[in-house]
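Below is one structure, written out as structure tokens; comments come after it.
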Amino acid sequence: MTEARVGKRPGRPSEPGLKSASRAKPRVAVVVFPGSNDVADAQLALERLGADPVLVWHADEELPAVGGVVLPGGFSYGDYLRAGAIARFSPAMRAVADFAADGGFVLGICNGFQVLCEAGLLPGALRPNESLAFVCRDVSLRVERADVPLLSGCEVGQRLTIPVKHGEGCYFADAELLGQLEAGNQIVLRYDADNPNGSLDDIACVINSEGNVMGLMPHPEHAVDPLLGSSDGSLILGAIVERARERLLAPA
Amino acid sequence: MKATVLVRPKPGILDPQGKAVEASLRHLGFAVDDARIGRLVDLEVDASDPEQARAEVERMCAELLANPLIESYEIELTEET
């Protein structure tokens with residue numbers, strides 16, 4: 001196991017979404033399952049936001065020394081059985097579960113969200129879209145909480161424009177679980193007026209009760225450049241970069 | 001020993017596939033009030049004792065074949081002849 005690289009790398013201008021003036025480039029793992037297809041975008045976005053992304057293959061039993069983990073979008077293991085159901089048993093996911101149990105920050109995007117739900121690291125389940133159609137478009141999200149570690153760059157009530165692209169994003173929780181989520185303030189982003197998949201109570205993003213694991217259907221990694229319509233995704237990915245930096249710089 | 005697992009969306013869970021099939025059946029003129037679509041898994045279980053086989057399949061359902069939040073399941077065992 002190598003030590004986290006925290007040395008200076010000159011030449012990269014500071015990017016929006018980063019509050020720290022530190023030049024350290026925190027390592028953030030991007031887990032690659034067979035069928036993950038947003039790896040390159042996640043990698044690029046993390047790089048732009050000042051991180052040093054490291055790809056971790058699903059068969060790897062250990063994570064390298066990283067400060068955060070991103071589970072990217074795609075169709076891990078072909079989405080066979082249920083989306084995310086097979087990926088949850090990969091060796092890398094056991095390592096991710098240990099990392100999360102140790103307080104490490106984990107962000108699941110789209111298929112990554114589905115994997116986290118199937119793995120029991122996040123509450124709830126994602127079902128086929130109400131329309132049965134694959135949706136691929138920008139949506140507006142309303143920030144419900146900004147006092148959570150992975151939304152620290154946002155403000156409550158803020159509207160974020162971030163694209164969705166999924167066939168199974170209809171979030172479901174039974175009445176008892178929904179009550180727990182509301183009581184614990186674990187619903188942190190909702191679709192604003194335009195629910196693309198029929199998800200319960202317009203839920204787009206939830207966190208675990210500890211707040212270090214977060215999953216969302218929209219794709220922040222596709223929204224880090226105004227040229228592509230929005231850079232609001234930087235606020236979310238920028239937060240995990242910051243948390244990773246803090247974790248790696250914190251005295252052991 | 002052969003085992004068949006039937007996995008169904010729980011009552012109250014939105015089943016858009018079932019809705020689409022129901023609408024198509026009505027379109028064809030069938031008097032259908034509801035259609036729900038589940039999944040059938042045929043298994044060949046390496047166990048001679050039905051009790052042991054059932055216990056194994058129960059574990060398979062709990063760990064992988066069904067998501068208890070949204071799906072229910074039934075297990076049927078058939079002794080090979």
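Each value in this text was obtained by applying a stated rule to the coordinates, not by laboratory testing. In this text, all values refer to a predicted model and were calculated from it rather than measured experimentally. Cβ coordinates were reconstructed from backbone atoms using ideal geometry, including for glycine residues, and neighbour counts include every protein chain displayed.
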Sole residue being of a type in the set (A, V, I, L, M, F, W, C), in contact (Cβ under 8 Å) with a residue 40 or more places away in the chain and within 14 Å of chain B (Cβ to nearest Cβ), chosen from A:Val206, A:Val224, A:Val213: A:Val206
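If the requirement is being closer than 21 Å to A:Gly124 by Cα, crowded, with 19+ Cβ neighbours inside 10 Å and without any contact (Cβ under 8 Å) to a residue 60 or more places away in the chain, which of these qualifies: A:Ala173, A:Ala183? Before the answer, list the steps.
Details: A:Ala183 fails: crowded, with 19+ Cβ neighbours inside 10 Å.
Residue meeting the stated conditions: A:Ala173.
Taking A:Ser234, is it more than 25 Å from A:Ala125 (Cβ to Cβ) and under 13 Å from the mean Cα position of the chain (by Cα)?
Working: more than 25 Å from A:Ala125 (Cβ to Cβ): yes; under 13 Å from the mean Cα position of the chain (by Cα): yes.
Yes; evaluated as a whole, the condition is true for this residue.
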Failed item, numbered, when A:Gly211 is tested on (1) buried (at least 19 other Cβ atoms within 10 Å of the Cβ); (2) touching a Gly at 6+ places or on another chain (Cβ under 7 Å): (2)
Pairs, first over 14 Å from A:Glu130 (Cβ atoms) in the range B:15-29, second crowded, with 16+ Cβ neighbours inside 10 Å, C-beta under 9 Å, six or more apart: B:Val21/B:Ala35; B:Glu22/B:Ala35; B:Ser24/B:Ala35; B:Leu25/B:Ala35
Qualifying residue in the range A:170-190 (condition: hydroxyl-bearing (Ser, Thr, Tyr), farther than 15 Å from A:Asn208 by Cβ and either in contact with a helix residue (DSSP H, G or I) (Cβ under 8 Å, 6 or more places away or on another chain) or within 14 Å of chain B (Cβ to nearest Cβ) (or both)): no
Qualifying residues in the range A:52-96 (those that are of a type in the set (Gly, Ala, Ser), more than 14 Å from every other protein chain (Cβ to nearest Cβ) and more than 15 Å from the chain's Cα centre (by Cα)) - the one surrounded by the most Cβ atoms within 10 Å (Cβ to Cβ): A:Ser76
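Can you tell me which residue is farthest from the other protein chains (Cβ to nearest Cβ) among those in the range B:34-81 that are part of a loop (DSSP other than H, G, I, E, B) and among the hydroxyl-bearing types (Ser, Thr, Tyr)?
B:Thr81
Quick check: anything in the range B:13-28 within 14 Å of chain A (Cβ to nearest Cβ), of a type in the set (Asp, Glu) and over 30 Å from A:Pro123 (Cα atoms)? Show your work before the answer.
Taking the range B:13-28 and keeping what is within 14 Å of chain A (Cβ to nearest Cβ), we get B:13-24.
Keeping just the survivors that are of a type in the set (Asp, Glu) gives B:15, B:22.
When the remaining residues are screened for being over 30 Å from A:Pro123 (Cα atoms), the result is B:22.
Yes, the range B:13-28 contains at least one residue that is within 14 Å of chain A (Cβ to nearest Cβ), of a type in the set (Asp, Glu) and over 30 Å from A:Pro123 (Cα atoms).
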Filter result (over 20 Å from A:Gln43 (Cα atoms) and among the aliphatic types (A, V, I, L, M)) within the range A:96-110: A:Ala97, A:Ala100, A:Ala101
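Of all residues in the range A:64-87 being in a helix (DSSP H, G or I) and of a type in the set (Ser, Thr, Tyr), which is farthest from A:Ile240 (Cα to Cα)? Explain how you work it out, then say what you get.
Residues of the range A:64-87 that are in a helix (DSSP H, G or I), as a first pass: A:76-79, A:87.
Checking which are of a type in the set (Ser, Thr, Tyr) leaves us with A:76-77.
Working: A:Ser76: 22, A:Tyr77: 26 Å.
Across the range A:64-87, the extreme among qualifying residues is A:Tyr77.
Got at least one residue in the range A:107-119 being over 13 Å from the mean Cα position of the chain (by Cα) and under 22 Å from A:Ser152 (Cα atoms)?
Checking the range A:107-119: not a single residue is over 13 Å from the mean Cα position of the chain (by Cα) and under 22 Å from A:Ser152 (Cα atoms).
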Number of positions in the range A:212-229 that are closer than 11 Å to A:Leu121 by Cα and not polar (S, T, N, Q): 3
Conditions (1) of a type in the set (Lys, Arg); (2) part of a helix (DSSP H, G or I); (3) within 14 Å of chain A (Cβ to nearest Cβ); number of the one not met by B:Arg8: (2)
